[in-house]
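Beneath this line is the structure, given in structure tokens, with notes to follow.
What follows draws every value from the coordinates through simple rules; no lab data is involved. Bear in mind the structure is a predicted one, so any value in this text is a computation, not a measurement. We place every Cβ from the backbone using ideal geometry, glycine too, and count neighbours over all the protein chains shown.
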Amino acid sequence: MNPLSYLFISISLSTGIFLLFQAFKLWNIDSLKAIVINYGVAGSLGWWLAGGTETFHRAWESDPRWVGTGLAAGGLFIYLFQLIAKSAQENGITVTSISAKLSMVIPVAIFLLFDPGDTVTLKKMAAIGLSIPAIVLSSWKPEQTKKEKNWLIPMVIFVGSGMIDFMFAAFSGPEFMKEVSFRLLFPSLPLSTAFAIGLTWLIIIRNRVQNASYQRKNTWLGGISLGMINFGSLYFLLETYDKVSLDKSAIMPINNLGIIIASAVFSLLLFSEKLNMRNIIGLALGASAIALLYAEHT
């Protein structure tokens, strides 16, 4: 398979996650319960494909650092989800989405500064410079309400999302992922921890929330579909880091901008979502940034 196919599949699956979230409203799906189901499905799928506890023991003996980090990151997964939901209510979708998408700046900066194998070039810096306004403009939507914003929560989302991106990129190399099964196991670790925390939380609040929506077929179907897509997007991102001959500081912007462009196009086609002039300019800048990053290595 062409190495770039892994990047294309990762972008396609990540786009599918955003489209599914948009469909949740139309299908009357309980998002919290569907997301907990998603974590359970994604984690279980990964454990099964990786080979279960035998692979886990081999991975731990090989290098416990990435195994322990992966398990611990599950708490950050579920915590960030709650913060994103809260920020969307308090600060609006625009501020929240920009905070999450711009988080790529953190790992890109770390790799450019500290990774000796990651080169700094004029094309790459120009592309990264274009990607920042591309993300802001393509995500910009007029908010329905104007109220005082709490900027602490978006900042935590920005830093937390950036650290998750950095974790997957930092441990994606062959010195850590010594087997294909390790790349199947790695995303399963935080997903499994997030499922355990999410399920515990649902059990705690079950008596406070009189809502049997988790029994609805749509919620289960939505959660199962999301879980399969979610695991696939993380696995193919790890394969992209391994197979594609691009610096990690180039792959992250291409992946992020590709998701934004594809999500905008499919939202327009499937959900008739309108794009304003800022969005169109942002998408054009994003496409230019991807072209520059790709041209750097061709």
Whole-Hz Karplus ³J(HN,Hα) for region 105-118, in order, using 6.51 cos²θ - 1.76 cosθ + 1.60 and θ = phi - 60°, x for Gly and Pro?
4, 5, x, 4, 5, 4, 5, 5, 7, 10, 8, x, x, 9
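Order by neighbour count: Arg183, Arg216, Arg65, fewest other Cβ atoms within 10 Å first, most last.
Working: Arg183 24, Arg216 17, Arg65 12.
Taking fewest neighbouring Cβ atoms as first place, the list is Arg65, Arg216, Arg183.
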The exposure ranking of Glu175, Glu273, fewest beta-carbon neighbours within 10 Å first, is Glu175, Glu273
For region 1-122, shape from the Cα gyration tensor axes a ≥ b ≥ c, cut at a/c of 1.5 then a/b versus b/c, turns out oblate
From phi via Karplus (6.51, -1.76, 1.60), per-residue ³J(HN,Hα) for region 253-266 in Hz, x at Gly/Pro
x, 4, 4, 5, 5, x, 5, 4, 5, 5, 5, 5, 5, 6
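Set the Förster distance to 41 Å, then compute FRET efficiency between Glu273 and Arg206 from the Cβ-Cβ distance, nearest 0.05. Could you put the intermediate results ahead of the total?
Details: r = 35 Å, r/R0 = 0.84.
The pair Glu273/Arg206 has a calculated efficiency of 0.75.
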Show me, bin by bin at 5 Å from 0, the whole-percent P(r) of region 3-295 based on Cα pairs.
1, 6, 11, 15, 19, 18, 14, 9, 5, 2, 0, 0
How big is the gap, in Å, between the Cα center of region 104-121 and the Cα center of region 1-60?
27
In Hz, Karplus ³J(HN,Hα) per residue of region 285-292 (6.51, -1.76, 1.60; θ = phi - 60°; x = Gly, Pro):
5, x, 5, 5, 5, 4, 4, 5
Quick check: from the Cα gyration tensor, does region 216-298 come out rounded (a/c under 1.5), prolate or oblate?
oblate
